[in-house]
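Peer 1: I'd like to ask some things about the structure below.
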Amino acid sequence: MHHTYREITTQPEAWAQALERVQTAGPDLQALWQESGAARAVFLGCGSTFHLAQAAAALFRARVGRPAMATPGGEAFLYPEVAYPRAEPGPRLLVALSRSGTTTETVRAVEAFRAAQPQGRVLVITNDPASPLARLGHLALAVEAGQEQSVVQTRSFASMYVAAVASILLWAGDNAALDAMQRLPEVGAGLMPRAEAAAQALARHPWRLIFVLGGGPRYGLAAELALKLQETSLTPALAYPFLEFRHGPKSLVDGDTLVVGLVSQRHRAHERAVLDEARAMAATTFALAEGEADLAFHSGLPEAVRGVLYLPPVQLLAYFRAVAQGLNPDRPRNLDAVVALDL
Ligand code: F1P
């Protein structure tokens, strides 16, 4: 059995530890946000963790109601004037996301931020408590249970995402949603067999191209899942907000195209209409949603807290597509677990 399979299917345990870490750090998380001026935030990561930053920044804007942007670590290091606009003086909170805590671009970006903005505050969310990045944070949330043997991030990503969502809901004062999150590990474990069956069925076809569509706080998750399909199974994969699909990308659709929809409850009518159009163009579609979908969660959880449930089915699709092609999902072509540079 590959490490990747075990890491994907056991990930609810890592979600549980992430929730514990936020629970324990609650008062420190609140203090950090206040000390940072409670004005704005920047979420930062590389590759998978950049997509995590995108998902987290969108949820932060929606729930905390303050400006927040997501930036790749390398971009923040090279173009600090883009990441921290001068027109917005005053401190800010920087949330640095990294499985390893050693990615050079991320570490250098945080060092530069701390030097340039001494009043700013840094929260690090990582899977390695002893990493250089963990030591650079004013506060670090370390979810060791998310650590992996595999190069490609699956349970690590999900564990850091759960920690980020819980932190955001804490800052938003949404205690009801925070309480509801405690059920995620149990719901996730219950969903895993159905997620696996659906992924195995979908993986039987040699898809030429896979779209992953997701809007609002789900766009970053769609981008991460497209990256998963690329890294693990070498399948060309593209992520778009649902309605953007019509503005050009749909020209790529043919009978060997799969369109995966991370369907929301709130805008399911608009999102289903896009999937219907894709099917009319000969694509195969696969909808993931809380109810009435190809894979329905039936979680009973609020929309803001159940984003992580979209991850295992598509992570498993990437895994089974890799195995179907005789690839080793634990050792993807050309990739290393950490990108270390001499910047
Ligand atoms: C991020 C990273 C990603 C890449 C792959 C391996 O490292 O290198 O860029 O997509 O998933 O992880 P980290 O900073 O999160 O450790």
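Readers should treat all values here as calculations from the given coordinates under stated rules, not as data from a laboratory. In this text, all values refer to a predicted model and were calculated from it rather than measured experimentally. Using ideal geometry, Cβ is built from the backbone for each residue, glycine included, and neighbour counts are taken over all protein chains shown.
Peer 1: Taking amide hydrogens as modeled 1.01 Å from N in the peptide plane, which residues meet the under 5 Å criterion relative to F211, leaving out close sequence neighbours?
Peer 2: For F211, whose amide H was placed from the backbone, the distant partners under 5 Å are L238, L258, V259, V260.
Peer 1: What order do you get for S167, S98 when you list them from fewest to most C-beta neighbours inside 10 Å?
Peer 2: Fewest-to-most ranking of S167, S98: S167, S98.
Peer 1: Could you give the length gained by full extension between D254 and A197, i.e. 0.36 nm per residue of separation minus their alpha carbon distance, to one decimal place?
Peer 2: 18.0 nm
Peer 1: May I ask you to derive the relative contact order of the range 105-243, considering only C-alpha pairs under 8 Å and at least 6 residues apart, and to give it as an integer percent?
Peer 2: After rounding, I find 14 percent.
Peer 1: Now, a different point. In the range 200-252, which trypsin sites (Lys or Arg not before Pro) are in a loop and have at most 14 other Cβ atoms within 10 Å, using DSSP for the loop call?
Peer 2: Answer by residue number: R204, R208.
Peer 1: Residue by residue, what Karplus-based ³J(HN,Hα) values in Hz, rounded to whole numbers, does the range 296-308 have, using 6.51, -1.76 and 1.60 with θ = phi - 60° and x for Gly and Pro?
Peer 2: 9, 7, 6, 7, x, 9, x, 3, 5, 9, 9, x, 4
Peer 1: Looking only at the range 8-107, where both bridge partners belong to it, what percent of the DSSP beta bridges are antiparallel (to the nearest 5)?
Peer 2: 0
Peer 1: Could you run the Karplus curve 6.51 cos²θ - 1.76 cosθ + 1.60 with θ = phi - 60° over the range 62-69 and give me ³J(HN,Hα) per residue in whole Hz, x for Gly and Pro?
Peer 2: Karplus-based 3J(HN,Hα) across the range 62-69 equals 5, 9, 7, x, 10, x, 7, 10 Hz.
Peer 1: Counting other C-beta atoms within 10 Å, and keeping those with at most 11, which DSSP coil GluC sites (Glu not before Pro) do you find in the range 61-132?
Peer 2: Counting only loop positions with at most 11 other Cβ atoms within 10 Å, none of the GluC sites (Glu not before Pro) in the range 61-132 qualifies.
Peer 1: Additional query: Go through the range 235-303 and name the GluC sites (Glu not before Pro) that are in a DSSP coil and have 15 or fewer other Cβ atoms within 10 Å of their Cβ.
Peer 2: E292
Peer 1: Which whole-number percentage describes the relative contact order of the range 213-310, with Cα contacts under 8 Å and a sequence gap of 6 or more?
Peer 2: Value for the range 213-310: 23 percent.
Peer 1: Tell me which residues come under 5 Å, amide H to amide H, from V122 once H is placed; ignore anything under 5 positions away on its chain.
Peer 2: Sorted by chain and number, the residues that satisfy this are L94, H138, L139.
Peer 1: Pick from A296, A87, A177 the residue whose mean-square fluctuation is largest in a GNM of the chain, springs joining Cα atoms under 10 Å.
Peer 2: A87
Peer 1: Here's another thing I want to ask about it. Only helical DSSP H runs with n ≥ 4 go in: add -39500 (n - 2.57) per run for the chain, normalise by residue count and round the 222 nm mean residue ellipticity to 500 deg cm²/dmol.
Peer 2: One gets -14500 deg cm²/dmol as the mean residue ellipticity at 222 nm.
Peer 1: Next up: Note down, for the chain, the three equivalent ellipsoid semi-axes (square root of 5 times each alpha carbon gyration tensor eigenvalue), biggest first, whole angstrom.
Peer 2: Taking √(5λ) for each Cα gyration eigenvalue gives 31, 21, 20 Å.
Peer 1: With θ set to phi - 60°, apply the Karplus curve 6.51 cos²θ - 1.76 cosθ + 1.60 along the range 227-236 and write out the HN-Hα couplings as whole Hz, x wherever there is a Gly or Pro.
Peer 2: With the stated coefficients, the range 227-236 comes to 4, 4, 5, 5, 5, 7, 10, 6, 8, x Hz.
Peer 1: Treat the count of other C-beta atoms within 10 Å as a stand-in for reagent exposure and order T106, T71 from fewest to most.
Peer 2: T71, T106
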